[in-house]
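See structure below.
The values are calculated or read from the model by the stated rules, or taken from the named source; none is laboratory data. Everything numeric here is computed off the predicted structure, so don't read it as measured data. Reconstructed Cβ throughout: ideal geometry from the backbone, glycine too, with neighbour counts over all protein chains shown. We work out accessible area using only protein heavy atoms, side chains counted, and drop any ligands, DNA or RNA first. Shrake-Rupley method; radii C 1.70, N 1.55, O 1.52, S 1.80 Å.
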Amino acid sequence: MASWVANTHAAVAMVLLLLMQFGLPARSKPVITDPKCVDYDPFDRCCPPPSPKKIVNFKPPPQSSPLRVRRPAHALGPEEARKYARATALMRALPHNHPWNFFRQSNVHCAYCSRSYFQLGHNYPLEIHGTWHFFTWHRAYLYFYERILGKLINDTSFALPFWNWDDPSGMSIPPIYRDHSSSLFNPTRNPDGLKFISLGGCEGNNTLESLPKQRQCNLQVMHRQFISGFKSSLLFFGGQYRAGDRSLPGGGSIEGSPHGPVHLTVGSDMSALETAAQDPIFFAHHGNIDRLWEIWESTPGKKREIFSDNDFLDASFVFWDENKQVVRIRVRDLIDTRKLGYVYEEVPLRWMNIKTTVEKAGAFVAMDEKEAVRFPVLLSSQVTVNVARKVGKKEEILVVSDIALDGRDYVWFKVYVGRVRGGRVEAGCFIHMQRRANKKIPVVTKLQLDITQFVEDIRADGDDQVVVTLVPKVGGDKVAIGGVSIPVKRAAINMLEGERWRSFKERSVWIFAVEFWTSGGVRETLRALEDARSCGARGVRIGAWGTGDERSAGEGAELVERVDTCRMWSGRDHMSARRKCGLVAFGCGLEAQGASTEAQSAGGCTGRGSRAKGDRDWLHWTQCDRRSVGRS
Ligand code: C2O
């Protein structure tokens, strides 16, 4: 008996050792929609009628059925337009308890963004915005919606129109949506949209004189968001989101803009996620978003391949289909629109080859190092910060991290990248569309922008820093920013590389990977661990927050199994610091356990108080670590 126990122990120890050497086994964790929908908010009864029957797995339509060709809404012929309006009228006329009823259909969007659907096996809501499922989920939604409309008018080739707002001829509400007596009309829209729809910061007075400029500005936004953001899958799609992830990894370039501004400039119903799909123009808007995904995939570039990650491809959602049954569809069924039976009509892309405008140096001046911004900051006025960069990198990603806000608030800020005493360009923006709810919805997320091209445009390629300015447009006083940096490779490796890392290692201190825990979730944390081990770390510690944190003890426990030691932060230290900053979560960098002073000088953080004992000191730590990490 005793030897059996000893052997078992030896075997377990062996396995653990191997795990440490060769990394952690990949556990598959696609987000699966729990079909049980529960209305989160009494104001929003968004859940679809439940189905008495079993959920069936999605089957693609027979390849022999006619291909549906989605056309630009402003170019629809009268017959096509009538057909679409008639189908929508029939949908509106269905009884409320019918799953195809227009409001039940539009509420499907609400259910997927209002905490009504949960991740199967996890006590967390499933959120499709601000994640890599933004394009995929909306594709599925439109797919079923289109087929239901076709069914209602008995037309197997019926296709939804798309709103071609990326072309000057489509930059206002298309005619078919303007007729007050049509089923496609929505009375809550902002009348300005009849003249012009801004794709992000292109507002003007909509006069004959200014419209050409505004349209040109829209084309520039398109170029910026598509060309700069689409070089790698994650920047285009949005951050990785797996089962058990709670904080949002951040939306992709197109989701921020033009997607957000179009919702917001149409206004009212369209401007809040819960009500957006109550305006039929929503489906044309998302038709165009879906079309951009299609274009992105067919644009050459080696990083533009669709993810091969099974956690992405095996994620699944549930929808009522055109045969009146509830269907479970996986992301891998959604990759090819031809297999789904539809295509987009090809129209010219006038934004493909446009030059970035570089603003001359002026109001924006580089900050003196000594007065550098202390993160976290509230964005009540514009924030300018020097950000260290490495000369000669092929791809440069700017990260605005730990963006913390209440999900009910509408927040929009722009990000400029400039050269010290030189010009600047708008590199992108962050947009959070408001949610309706009684209770606060804590959101922590991040924004990532590919600034490689912009650094060239401002001729800062040879500089070791750039000037980043965050300019609040809406709700700046409601959003806190945790930091701005240009990580070298992945953040994880950045923290563990180079001189700093060697000096830590020599002193045999432990690495504390806090940032991954707060911003990246379990998966990122584990990755950081693997990196630490492959660099030869002698031991790895993971910090978990004290009770009351957004990340649960359950998640903590999962990590504890895989690290050498784990420490729970004391509730007092961290919770009170967090409250003071009005933040939902923060934290970054490395902490050397025990020998603060030593670690501090190893990290190049001298002169800022030697120990992280109180709230203020902790913030200094965070600050000083970010800065030195950026420089290494
Ligand atoms: Cu699901 Cu345009 O939002």
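In the range 436-455, which residue that is modelled with pLDDT under 85 and farther than 16 Å from A480 by Cβ is nearest to the ligand (Cβ to nearest atom)?
Per the stated criteria, the residue is R436.
Looking only at the range 112-139, which residues are more than 11 Å from the ligand (Cβ to nearest atom) and not polar (S, T, N, Q)?
R115, Y117, F118, L120, G121, H122, Y124, P125, L126, W132, R139
Listed here are the residues, each with its yes/no results for (1) open to solvent by 10 Å² or more (accessible area, probe 1.4 Å); (2) within 21 Å of the chain's Cα centre (by Cα); (3) in the same structural domain as H259 (by TED's automatic domain parsing).
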site: A437; (1), (2), (3): yes, yes, no
site: K440; (1), (2), (3): yes, yes, no
site: T445; (1), (2), (3): yes, yes, no
site: L449; (1), (2), (3): yes, yes, no
site: Q453; (1), (2), (3): yes, no, no
site: E456; (1), (2), (3): yes, no, no
site: G462; (1), (2), (3): yes, no, no
site: P472; (1), (2), (3): yes, yes, no
site: G482; (1), (2), (3): no, yes, no
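Can you confirm whether the range 208-225 contains a residue that is at pLDDT below 90 and either more than 16 Å from the ligand (Cβ to nearest atom) or of a type in the set (S, T, Y) (or both)?
Filtering the range 208-225 for residues at pLDDT below 90 gives none.
Checked against the condition, which is being at pLDDT below 90 and either more than 16 Å from the ligand (Cβ to nearest atom) or of a type in the set (S, T, Y) (or both), the range 208-225 yields no hits at all.
Go over the candidates V69, V31 one by one and state the one that is in contact with a strand residue (DSSP E or B) (Cβ under 8 Å, 6 or more places away or on another chain) and either open to solvent by 20 Å² or more (accessible area, probe 1.4 Å) or acidic (D, E) (or both).
Testing whether each residue is in contact with a strand residue (DSSP E or B) (Cβ under 8 Å, 6 or more places away or on another chain) and either open to solvent by 20 Å² or more (accessible area, probe 1.4 Å) or acidic (D, E) (or both) leaves just V69.
If F307 satisfies every condition in (1) open to solvent by 10 Å² or more (accessible area, probe 1.4 Å); (2) over 16 Å from G252 (Cβ atoms); (3) more than 16 Å from the ligand (Cβ to nearest atom) but one, which is the exception?
Every listed condition holds for F307 apart from (2).
What's the total number of residues in the range 94-128 that are part of a loop (DSSP other than H, G, I, E, B) and of a type in the set (F, W, Y)?
Count: 4.
Taking the condition open to solvent by 10 Å² or more (accessible area, probe 1.4 Å), of a type in the set (D, E) and either outside the structural domain of P125 (by TED's automatic domain parsing) or farther than 17 Å from V471 by Cα (or both), does E396 pass?
Values: open to solvent by 10 Å² or more (accessible area, probe 1.4 Å): no; of a type in the set (D, E): yes; either outside the structural domain of P125 (by TED's automatic domain parsing) or farther than 17 Å from V471 by Cα (or both): yes.
No.
Look at the range 140-156 and say how many of its residues are open to solvent by less than 10 Å² (accessible area, probe 1.4 Å) and more than 14 Å from the ligand (Cβ to nearest atom). Working first, answer last.
In the first step, residues of the range 140-156 are kept if they are open to solvent by less than 10 Å² (accessible area, probe 1.4 Å); the result is 140-146, 148-150.
Subsequent filtering for residues that are more than 14 Å from the ligand (Cβ to nearest atom) retains 143-144, 146, 148-150.
Within the range 140-156, residues that are open to solvent by less than 10 Å² (accessible area, probe 1.4 Å) and more than 14 Å from the ligand (Cβ to nearest atom) number 6.
Tally the residues that are outside any helix (DSSP H, G or I) and either of a type in the set (D, E) or open to solvent by 10 Å² or more (accessible area, probe 1.4 Å) (or both), restricting the search to the range 197-229.
Number satisfying all stated conditions: 9.
Can you name the residue in the range 283-296 that is over 19 Å from L194 (Cβ atoms) and of a type outside the set (A, V, I, L, M, F, W, C) and, of all such residues, is farthest from the ligand (Cβ to nearest atom)?
E294
Can you name every residue in the range 257-282 that is in a helix (DSSP H, G or I) and near the ligand (Cβ under 10 Å from one of its atoms)?
H259, G260, V262, H263, M270, A276, A277, F282
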